[in-house]
1. Based on Cα coordinates alone, diagonalise the gyration tensor for the chain, multiply each eigenvalue by 5, take square roots, and list the semi-axes in whole Å, largest first.
2. What FRET efficiency comes out for Arg104 versus Thr323 if R0 is 41 angstrom and r is the Cβ-Cβ distance? Round to the nearest 0.05.
3. For the range 93-106, in order, what is each residue's ³J(HN,Hα) by Karplus, 6.51 cos²θ - 1.76 cosθ + 1.60 with θ = phi - 60°, in whole Hz (x at glycine and Pro)?
4. According to a simple spin-label model (label point 7 Å from Cα along Cα-to-Cβ), what is the distance in nm between Ala30 and Arg314?
5. Taking Cα pairs under 8 Å and at least six residues apart, what relative contact order does the chain come out at, in percent?
6. Counting only protein chains, not ligands or nucleic acids, how are Val250, Val151 ordered by accessible area (probe 1.4 Å), most first?
7. In percent, what relative contact order does the range 228-330 have, based on Cα pairs under 8 Å that are 6 or more apart in sequence?
8. Can you give the % of DSSP beta bridges in the chain that are antiparallel, to the nearest 5?
Amino acid sequence: MTPRSLPKSPVPHHRVVALLQPQQSTFPLACAAEVFGDHGPEVPARYTFEVCAEHPGPVRTQAGYDLLVTAGLDALERADTVLVPGRQQPTATEVPQAVAAAVRRAHRRGARIVAICSGAFVLAAAGVLDGRRAATHWARAAELAAGFPQVQVDPGVLYVDHGDVATSAGSAAGVDLCLHLVRTDHGAAYAMRIARQMVMPPHREGCQLQYAELPTSGPVADSLAPLLEWLAGRLDQPVSVAEMAVRSQVSARTLTRRFTEQLGISPGRWLLDRRLAATRALLEETDLPVETIARRVGLSSAVNLRRRFHEALRTTPAAYRRTFRADEAG
C-alpha cells in the first residue's frame, strides 16, 4: 500500500528568520536552510525561511565571502521562530545590545527562539536562558558557563528544547534540533520526508561527548553506525542482542557496553525506539490497520504494539492517528 499524501498547505504559515552576524559560519546556516527551506514538490512547504542582520548589507562569513542581507532586525518582529546560527567569534566577544534586545522582544511576544552551536551566547545575552538548561558546542561549553553563570550549560547533549527556547550543540547537531522541531510541529512522517531528502537519519542517538577530544590517548570504541544501519533495514524481523553481537563480531556484553557508552541506552531500547518511530510514521501517512503496522515494524501483534505505544507515548495508536489528522486538518 502506498502512503497517503500528506495534507498540502496552500501557503507556508510558519516563518523562520535566521539572525546572521559576522563572521557568520556557513554550515549551521546551511543546515537550518536545508531543513526549513524549500524541498520541491515531493514535500509540501510548511515553512518560509528568511535571513536578517543587525546592519543590512554584506555580512562577512567564516568561509571568506560575504552574504548580502537585505532585512534588518525588524524582520524578527514577524518571525514565528527566530534562529541564531553559530558564528566564529573571539573569546569573550560581547553580543551587541540591539541584537540581544531584539531577541528578547521576539521571545516576549511569543516567538520560538532557537540557537545552533555558539548561537547560544546570543540567547544567553538576551536573558532567555536564565535558570535553564542549555547546549552549545562542547569546546565552548566552559566559556558559556563562565560568562553566564545563570545558565545551566550541559556539555553532553545534542540539543535541549524547552518549547519556547531551544539550543543545540555543534553545527551538525543543529540538524538534529531542526528536525526535532519539525517533528514537533508537523509529526514524525513529515520530518522523515525532509530527512530522507537530506540523506540522513531523522533522529540521531547519543550525546556530543562521543565526538569531543579524548582527554587521554587510547583506542576509540568501534562505531555502531554499520550495525544501526543494518538494524534499521530489518525492523520487521525479530533480532536478538545475541544476533546483533554476532553481526558486530563481539560478545553480547561488549555490544551492550558500547550501546551504553555511545548512545546511552541498551540495544533493546534502541531497537524499540526505532520501531515506535516507524509506527508513528505509518499511523500518520497510511490507513493501514494496527495489526498490519505491528507486523511491519516487528512488534508482532496489535496487542503488543498498543501496549508498547501506550508505555512510550501515553496514548493509543488510534487516538494518536485521530489527533494527528485533526491537527493537520486544522
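The values are calculated or read from the model by the stated rules, or taken from the named source; none is laboratory data. Keep in mind that this is a model prediction, so the values were computed, not measured. Counting neighbours? That spans all protein chains shown, and the Cβs are built from the backbone with ideal geometry, glycine included. Ligands, DNA and RNA are excluded from the accessible area calculation, which covers all protein heavy atoms including side chains. Shrake-Rupley method; radii C 1.70, N 1.55, O 1.52, S 1.80 Å.
1. Details: eigenvalues 257, 139, 55 Å².
Working from the Cα gyration tensor, I get semi-axes of 36, 26, 17 Å.
2. Details: r = 34 Å, r/R0 = 0.82.
E between Arg104 and Thr323, to the nearest 0.05, is 0.75.
3. Once θ is set to phi - 60°, the couplings for the range 93-106 become 5, 7, 7, x, 4, 5, 5, 4, 5, 5, 5, 4, 5, 4 Hz.
4. 4.1 nm
5. Details: 552 pairs, mean separation 43.2, N = 330.
Once normalised by length, the contact order is 13 percent.
6. Details: Val250 35, Val151 10 Å².
Order by accessible area, largest first: Val250, Val151.
7. Details: 74 pairs, mean separation 23.7, N = 103.
Contact order relative to length: 23 percent.
8. Values: 8 of 28 bridges.
In the chain, approximately 30 percent of DSSP beta bridges are antiparallel ones.
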